[in-house]
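The structure appears below as structure tokens.
The values are calculated or read from the model by the stated rules, or taken from the named source; none is laboratory data. Keep in mind that what you see is a predicted model, and the values were worked out from it rather than measured. In this analysis, Cβ positions are derived from the backbone assuming ideal geometry, glycine residues included, and neighbour counts consider all displayed protein chains. Keep in mind that these areas ignore ligands, DNA and RNA; they rest on the heavy atoms of the full protein, side chains included. Shrake-Rupley method; radii C 1.70, N 1.55, O 1.52, S 1.80 Å.
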Amino acid sequence: WNHLEERGRELSGSAFRRMCRAEYLNYLRVREWQDLYRQLVRLAKPLGLHVAARAGEPAADGIHRALLSGLLSHIGLRDDAKTSSGRGGAGSAREAERTGRRQQAEFIGARNVRFVVFPGSALAKKPPAAIMSAELVETSRLFARTNAAIDPAWAEQLAGPLAKRSFSEPRWERKQGAAVADEKVTLFGLPIVAKRRIQLSRVDPALARELFIRHALVEEDWDTSRLDRRLFRFLQANRALRRELGEVEERTRRRDILSGDDAVVAFYEARVPREVSDTRAFERWWRGEHRARPELLTMTAADLVGDEAVVDRGSGFPDLWRQGDQTLSLSYRFEPGADDDGVSVVVPLVLLPRLRPDGFDWQVPGLRDELITTLIRTLPKVLRRQVVPAAEWAAKIAAELPTGPESGEERDPLVAEVGRAIRRLTFAPVDPSDFDLDRVPPHLRVTFRAVDERGRTLGTSKDLAELQARLASRAERAVASTFAVRGGRTASDTPAEAPSASARPTALETPPAELLERGGITTWEWEALPAHLDTRQAGNVIRAYPALIDEGASVALRLVATAEERDRA
């Protein structure tokens, strides 16, 4: 066509006729072709259709697209799960192999029609994944004649409103910062686009906004590292508030304080505009809104607490526990059945050897009434009848007790104090041995958790002595390495043979060289070995005990973790 157009403009009428004859072209058929083209151009012009100045190369796709616009109901998709025998009728692959008949691929067409390519077609031997047919003829079965391979996606644009769209699996996409879904496009029931990811806001803006609020703002599942921290500091403030209220729930062992994620969702839904459904739109909106109302998105406790819940910040659940010159951190967990359910004492490994179980049987003040109630219920029946109902008597007994040992004061065991209070109030002969401590629930017994210098858990146990024995060697190495790196101070000049329990640190100083760990010692080098060495770390006193270890022909000076170990050495 392009060649004839070019030659027609260059040659006269008779010369063009001679050229057609020389190139074995029928001149009349060429003139008919040109006349048809010009008629189509004139008809297309008032319709606003664009006609290319020159035919494209190759033109097959363009021709097929043009034909497809009128053959939308004659599209077929190959069904690889089904084949049929060449003489019509369904047959298995095994039967076709046995009889020697060639298998033909079946196609699924509009409205679930099934057909095969006519055997005389050029596409019969290697049928493509999708075809269009000029006609469907039923003889022994339904055959497709005059076929061409197509891309089914062409039909989506050509079908217009005939194409039906549906979406599934709406989900949040962190990388895109928006909600997405899988779109399926069907034409007369035929899936021309099986699965395509789209922005959910195009088909369901309300659901896209809900997913954005839940995932991006509530769960913070989006990349906030590139944001201006001053502009988006409400995220950090809201996170801290939720963490604080969550810790109050863990401490007080309640689940009625926080209203849950629904309250946070409701908070943002009331403030974020309806048209904001992704992170980009939110950033644009908030940059302008922040100038007028900077505290709009900053939550308060009233926004998160249930209507009937009373927020107790956990005054009876302290963060620290003091024992002598040591200050230990407390952590809380509310998960019945877990090994560390209840209160846990976080013990640095270097402090583990010196820790005593004294006082931890009292529990924290917030759980003390519950513990006393449990202890009352473990009494023998003849004594328990004197203090019922147990919960009311527990409150009376708690009022009679002195302050607990959590502030560092020495106290008798809790069962001894409770027994004395019951005897004082009821004159019942209650003895500490009458309480059955084995019946105390696990969450009312303190858990001891040993950690290393990086805060990693090394071991946990309800029994402090068992934990100390299990980690004894590691604790000794940790104490010795602390003095080797940090130095220390001499706490007492009392010889190791007669250590003084009342000795206290007097002055900071680095241990002299003769007190550092070493072996191969054959002569007495000290005026007197100190009973112990102390050094401070994070406000706590780490204590080591110099000991002489017999090595046969010589002795070694070692810093051990306990006085008992020193005395044995």
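Under 27 Å of direct C-alpha separation, and excluding same-chain neighbours fewer than eight residues apart, Lys164 reaches these lysines: Lys82, Lys184, Lys195. Once the mean of 1/r is taken over each pair of separate Cα atoms and inverted, region 154-221 shows a Kirkwood hydrodynamic radius of 12.8 Å.
Working note: Debye formula, equal point scatterers on the alpha-carbon atoms of region 133-284, no solvent; log10 I(q)/I(0) at q = 0.14, 0.19 Å⁻¹ is -0.82, -1.16. Seen from all directions on average, the chain presents a Cα convex hull projection of 56.5 nm². Distance distribution note for region 253-404: the fraction of Cα pairs above 26 angstrom is 54%.
Relative to the longest principal axis of the Cα atoms of the chain, the long axis of helix 279-292 lies at roughly 60 degrees.
Kindly list the residues of region 197-239 that lie in the label zone of Ala153, defined by a backbone N under 14 Å from the point 7 Å along the Cα-to-C-beta vector. Residues 197-198 qualify, since their backbone N sits under 14 Å from the label point. At an R0 of 22 angstrom, the distance between the Cβ atoms of Leu241 and Ala338 translates into a FRET efficiency of 0.30. Estimated translational diffusion coefficient (Stokes-Einstein, Kirkwood radius over Cα pairs, 10 °C, 1.306 mPa s) of region 379-449: 119 µm² per second.
With all protein chains in place and a 1.4 Å probe, the accessible surface of the chain carries 50 percent carbon and sulfur. In the context of the full set of protein chains, residues of the chain present 57 Å² of accessible surface per residue (probe radius 1.4 Å, heavy atoms only).
Here r is the Cβ-Cβ distance between Ser329 and Leu401 and R0 is 22 Å; the resulting FRET efficiency, rounded to 0.05, is 0.35. Under 13 Å of direct C-alpha separation, and excluding same-chain neighbours fewer than eight residues apart, Lys381 reaches these aspartates and glutamates: Asp434, Asp436. Converting the Cα gyration tensor eigenvalues of region 322-369 into ellipsoid dimensions via √(5λ) gives semi-axes, longest first, of 21, 14, 9 Å.
For the chain, the longest principal axis of the C-alpha atoms and the axis of helix 472-486 are separated by about 90°.
Our helix-only sum for the chain, with -39,500 (n - 2.57) per DSSP H run of n ≥ 4 divided by its residues, gives a mean residue ellipticity at 222 nm of -9500 deg cm²/dmol. By the equivalent-ellipsoid construction on the alpha carbon gyration tensor, region 520-569 comes out with semi-axes of 24, 12, 9 Å, ordered largest to smallest.
With everything on Cα atoms, drop me the angle between helix 390-400 and the longest principal axis of the chain, reported from 0 to 90° to the nearest 10. With both axes taken from Cα atoms, the answer is about 50 degrees.
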